[in-house]
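Contents: one structure, followed by commentary.
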Amino acid sequence: MALIRLNNQSLTSVTALPSGVGGKVLQVVSNTKTSVFSTSAGSFVDTGFDVSITPSSTSSKIWVQYTVPVYQATAGSTFKLAIYRNDTTNLHDSSLNHWIRGNVSDTYFATTLSAYDSPSSTSAVTYTLYANSAGTAQIPTGNGFATVIAYEIAG
């Protein structure tokens, strides 16, 4: 591998990748949820936990990652999570939504859920966490907090 030496020998002068090189992170947006959301709806419902990002190009990709502590009150009930774009598009195959099943009552656990999206837009895009639980479940738990980070990646 060849060693590349900068003319002024300073990395602080490098401000961009060469043209044609994708994958550069263009912006990062985050949000934190501390208020508890509870559901036992048995179908997907909006948790009110979202993040909005405005892509700078229609070719940009968005990577969204949620880190969520969960309390599941009912033993044997299935708890599912999904990320929706603009409250209409489930970014996960409906048969493969992220799900967890606790075998005992009063189960606490932490989970992450991510999606890689191509919104093809330069308008604001909102990603929202949806939850589905046959028994009572809460996010985040007690005095805990949940986080979401959205990264715009050059396409």
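The values are calculated or read from the model by the stated rules, or taken from the named source; none is laboratory data. This one's a predicted model, so the numbers in the text were calculated from it and none came from an experiment. Here the Cβ positions follow ideal geometry from the backbone for every residue, glycine too, while neighbour counts run over all protein chains shown.
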remark   = Here the residues within segment 106-148 that are surrounded by fewer than 17 Cβ atoms within 10 Å (Cβ to Cβ), outside any loop (DSSP other than H, G, I, E, B) and not hydroxyl-bearing (Ser, Thr, Tyr) are Phe109, Ala110
query = For segment 101-155, what are the residues that are in contact with a Ser or Thr (Cβ under 8 Å, 6 or more places away or on another chain), modelled with pLDDT under 90 and farther than 20 Å from Thr67 by Cα?
reply = Ser105, Ala134, Gly135, Gly155
remark   = Going through (1) among the charged types (D, E, K, R); (2) crowded, with 19+ Cβ neighbours inside 10 Å; (3) at pLDDT below 90 one by one, Asp50 fails only at (3)
task = Restrict the check to segment 3-24 and report whether at least one residue is within 21 Å of Ala150 (Cα to Cα), part of a strand (DSSP E or B) and at pLDDT 90 or above.
result = no
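Please go through segment 41-62 and give me each residue that is in a loop (DSSP other than H, G, I, E, B) and polar (S, T, N, Q), ordered by number.
Scanning segment 41-62 gives Ser43, Thr54, Ser56, Ser57, Thr58, Ser59, Ser60.
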